[in-house]
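S.K.: Once you've had a glance at the structure underneath, I'll fire off some questions.
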Amino acid sequence: MEKPLTVLFNTYTVAFDCPGGGEVQLVKYEEQLKLAGVRVLRYDPWNPRPQFEAADLVHYFSVQWGSIQFCHYVAHRRKLPLVISTIAWMEPHKRTPPPEVGELLKLSSRNLPNSQAECDQLSGSYGIAPEKFTPIVNGVNEIFFEPAQAEVFREKFKLHAPFVLCMGNIEARKNQLKLIEALTGSGLHLVLAGQEREAEYAARCRRLADDTVHFTGALEHGSLLQRSAYAAAEALVLPSSMETPGLAALEAAAAGCRLALTREGCTKEYFGDYAVYLNPDDAASIRQAVEQTLARARRPELPEYIRGRYTWKRAAEQLLVAYKEVLRS
C-alpha cells in the first residue's frame with residue numbers, strides 16, 4: 001500500500017490569537033487535503049523531531065515578521081521541501097518592500113499566493129523567477145451558498161433600517177475608520193462585524209461613529225448569524241488597504257450580496273465586473289463606490305460564478321499539483 005503524502009503545517013507564533021482569513025485558509029486547506037488522503041500534521045514546537053522525520057514537505061502560512069527562523073531551519077538544517085502561502089500584498093508606492101519577505105520567498109521551493117496578480121507583484125518586487133510562484137485560489141465554505149433568513153440578524157441586533165456591512169477584524173489595514181468617515185451624514189447605516197484586533201484603532205472608530213454605525217463584535221464563522229448578516233446587508237464594503245482577495249468578499253458573493261471592494265490587491269482578478277472598486281485612501285471614492293453599488297441590481301448568477309471557481313476543494317486540488325511538482329524537482 002502506497003504511503004500517504006505527509007505535509008507539516010505551520011504559521012507565525014501568534015496567528016491564532018486573533019484569527020483572520022489566513023488562519024481560516026490554513027484550517028480549510030487542512031480539511032480538504034485530509035479528504036484527499038493527505039496526512040496533515042500541525043507543527044508542535046515541544047516535539048518537532050518526529051514531525052520533521054515524518055514530513056515529506058513543509059507548508060508555512062504567511063510572510064509575517066519572525067517567520068524566517070523556522071523557514072531557514074526547515075530549508076537548510078532539515079533540508080525539507082518548503083512551500084509558503086504568502087497571503088500578502090506589497091504597496092511599493094507607499095513603502096519599501098520588507099527585505100525579510102524576499103528572504104522567505106527565496107528560501108522556499110515554491111511560493112503559493114492567492115492570485116496571479118500577487119505572484120507577479122512578489123516576483124517583480126523581489127526579483128525572483130516567476131517559476132517559483134503558483135497561484136492557489138482562496139475558497140469559500142459550501143455553507144455560504146445555502147440561503148439564510150435576513151431577519152435572524154436583524155432581530156438579534158434590532159436593526160431594521162437598510163445597512164451596508166463591513167466584515168473583518170477591526171484594525172488599520174481594514175480601514176474601517178475611513179469607511180465611517182466616508183458614510184457620515186449619508187443616512188445609511190453601517191455594520192462593522194469583527195473582533196477588535198487593534199484596540200486603540202477600534203477606540204478611534206467608536207469615537208468617530210454616530211448612531212448609524214453598529215459594532216456587532218465577531219460573528220462565528222459560517223454560523224447562521226453570519227450568513228444572515230450577508231443576507232440582510234444591502235452590500236458588503238471592504239475598503240481595506242489590500243485584500244488577497246478577502247474571504248468576506250467570497251462569502252458575501254456566495255450569498256448573492258452586492259460588493260464594493262478595495263482596488264488594492266487581487267479583487268479585480270477574482271470578481272471582475274461583479275463589484276464596484278474604490279480607492280481606500282479617499283473617503284469620497286469610498287462613498288461614491290457604495291452609492292454606485294446600491295444603484296446596481298443584484299446579479300443572480302454571482303453565487304454560481306463563485307462556486308465554479310473559488311472553493312476549498314478546488315484549492316486542495318491545486319495544492320496537490322504544486323506539492324507533487326515540488327517533490328519531483
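S.K.: Can you tell me which residues in region 111-124 are in a helix (DSSP H, G or I), crowded, with 17+ Cβ neighbours inside 10 Å and either free of Cβ contacts under 8 Å to residues at least 60 places away in the same chain or touching a Phe, Trp or Tyr at 6+ places or on another chain (Cβ under 8 Å) (or both)? If you could, list the steps in order and put the result at the bottom.
M.R.: Applying the first criterion (in a helix (DSSP H, G or I)) to region 111-124 yields 116-124.
From what is left, the residues that are crowded, with 17+ Cβ neighbours inside 10 Å are 117-119, 121-123.
If the condition is that a residue be in a helix (DSSP H, G or I), crowded, with 17+ Cβ neighbours inside 10 Å and either free of Cβ contacts under 8 Å to residues at least 60 places away in the same chain or touching a Phe, Trp or Tyr at 6+ places or on another chain (Cβ under 8 Å) (or both), then Glu118, Cys119, Gln121, Leu122, Ser123 are the ones that fit.
S.K.: Taking region 278-302, which residues are under 18 Å from Ala248 (Cα atoms) and either outside the structural domain of Arg227 (by TED's automatic domain parsing) or crowded, with 18+ Cβ neighbours inside 10 Å (or both)?
M.R.: The answer is Leu278, Pro280, Ile286, Ala289, Val290, Thr293, Leu302.
S.K.: Turning to a different aspect of this structure: Show the residue pairs meeting these rules: Cβ distance below 6 Å; 6+ apart or different chains; first residue within region 139-167 and without any contact (Cβ under 8 Å) to a residue 60 or more places away in the chain; second residue assigned to a helix (DSSP H, G or I).
M.R.: From residues that are without any contact (Cβ under 8 Å) to a residue 60 or more places away in the chain, the pairs are His160/Arg154.
S.K.: Residues that are touching a residue at least 24 places away in the same chain (Cβ under 8 Å) and more than 24 Å from Val137 (Cα to Cα), at least 3 per element: which helices (runs of 4 or more DSSP H) completely within region 276-329 meet that?
M.R.: Numbers: elements: 283-295, 302-307, 312-328.
Qualifying helices (runs of 4 or more DSSP H): 283-295.
S.K.: Which of the residues spanning region 170-204 are under 16 Å from the mean Cα position of the chain (by Cα), under 18 Å from Ala235 (Cα atoms) and not in a strand (DSSP E or B)?
M.R.: Within region 170-204, Lys174, Asn175, Gly194 meet the criteria.
S.K.: Among the residues of region 237-247, is any part of a loop (DSSP other than H, G, I, E, B), touching a strand residue (DSSP E or B) at 6+ places or on another chain (Cβ under 7 Å), polar (S, T, N, Q) and within 15 Å of Val137 (Cα to Cα)?
M.R.: yes
S.K.: Here is a further query. Kindly indicate whether any position in region 265-274 is closer than 20 Å to Gln176 by Cα, in contact with a helix residue (DSSP H, G or I) (Cβ under 7 Å, 6 or more places away or on another chain), surrounded by fewer than 22 Cβ atoms within 10 Å (Cβ to Cβ) and in contact (Cβ under 8 Å) with a residue 40 or more places away in the chain.
M.R.: No, the conditions are met nowhere in region 265-274.
S.K.: While we're on this one: Please state which one of Val101, Val74 is of a type in the set (A, V, I, L, M), outside the structural domain of Arg263 (by TED's automatic domain parsing) and under 29 Å from Lys313 (Cβ atoms).
M.R.: The unique qualifying residue is Val74.
S.K.: Give region 205-220 a look and list any residue that's touching a residue at least 12 places away in the same chain (Cβ under 8 Å) and either surrounded by 16 or more Cβ atoms within 10 Å (Cβ to Cβ) or outside any loop (DSSP other than H, G, I, E, B) (or both), or say none. If you could, list the steps in order and put the result at the bottom.
M.R.: Just the residues of region 205-220 that are touching a residue at least 12 places away in the same chain (Cβ under 8 Å), to begin with: 205, 208-210, 212-219.
Within region 205-220, Cys205, Leu208, Ala209, Thr212, Val213, His214, Phe215, Thr216, Ala218, Leu219 qualify.
S.K.: Of the residues that make up region 246-257, is at least one of a type outside the set (Phe, Trp, Tyr) and either assigned by TED's automatic domain parsing to the domain that holds Lys28 or more than 14 Å from Phe144 (Cα to Cα) (or both)?
M.R.: Of all residues in region 246-257, those of a type outside the set (Phe, Trp, Tyr) come to 246-257.
When the remaining residues are screened for being either assigned by TED's automatic domain parsing to the domain that holds Lys28 or more than 14 Å from Phe144 (Cα to Cα) (or both), the result is 246.
Yes: one or more hits.
S.K.: Identify the residue in region 75-87 that is among the aliphatic types (A, V, I, L, M) and within 14 Å of Tyr12 (Cβ to Cβ) and, among all such residues, is surrounded by the fewest Cβ atoms within 10 Å (Cβ to Cβ). Give the steps one after another, and end with the answer.
M.R.: First pass over region 75-87, keeping only residues among the aliphatic types (A, V, I, L, M): 75, 80, 82-84, 87.
The next check asks that each one be within 14 Å of Tyr12 (Cβ to Cβ); those that pass are 84, 87.
Working: Ile84: 24, Ile87: 22.
Among them, the one singled out is Ile87.
S.K.: Would you confirm whether any residue within region 41-50 is under 30 Å from Asn279 (Cα atoms) and either in a helix (DSSP H, G or I) or not assigned by TED's automatic domain parsing to the domain that holds Gly194 (or both)?
M.R.: Just the residues of region 41-50 that are under 30 Å from Asn279 (Cα atoms), to begin with: none.
Checking region 41-50: not a single residue is under 30 Å from Asn279 (Cα atoms) and either in a helix (DSSP H, G or I) or not assigned by TED's automatic domain parsing to the domain that holds Gly194 (or both).
S.K.: Related question: Can you name the number of the only condition in (1) buried (at least 20 other Cβ atoms within 10 Å of the Cβ); (2) at pLDDT 95 or above that Glu30 fails?
M.R.: (1)
S.K.: Do you know which residues across region 47-66 are of a type in the set (S, T, N, Q) and at pLDDT below 95?
M.R.: Taking region 47-66 and keeping what is of a type in the set (S, T, N, Q), we get 47, 51, 62, 64.
Selection gives Ser62, Gln64.
S.K.: Considering region 227-251 alone, what residues qualify as being more than 23 Å from Ala283 (Cβ to Cβ) and hydroxyl-bearing (Ser, Thr, Tyr)?
M.R.: Our first condition is that a residue be more than 23 Å from Ala283 (Cβ to Cβ); within region 227-251, this holds for 227-232, 244, 247, 250-251.
Correct list: Ser228, Tyr230, Thr244.
S.K.: So, in region 221-236, exactly how many residues are small (Gly, Ala, Ser), part of a helix (DSSP H, G or I) and crowded, with 21+ Cβ neighbours inside 10 Å?
M.R.: The first filter runs over region 221-236 and keeps only residues small (Gly, Ala, Ser), leaving 222-223, 228-229, 231-233, 235.
Going one step further and asking which of them are part of a helix (DSSP H, G or I), we end up with 228-229, 231-232.
Add one more test, that the residue is crowded, with 21+ Cβ neighbours inside 10 Å, and what stays is 228-229, 232.
Matching residues across region 221-236 total 3.
S.K.: Let me ask you something else. Taking the condition of being within 13 Å of the chain's Cα centre (by Cα), under 11 Å from Ser62 (Cα atoms) and in a loop (DSSP other than H, G, I, E, B), how many residues in region 11-25 meet it?
M.R.: 0
S.K.: Quick one: how many residues across region 213-263 are over 18 Å from the mean Cα position of the chain (by Cα) and under 24 Å from Thr86 (Cα atoms)?
M.R.: 0
The values are calculated or read from the model by the stated rules, or taken from the named source; none is laboratory data. This is a predicted model, so every value here is computed, not measured. All Cβ positions, glycine included, derive from the backbone under ideal geometry; neighbour counts span all protein chains shown.
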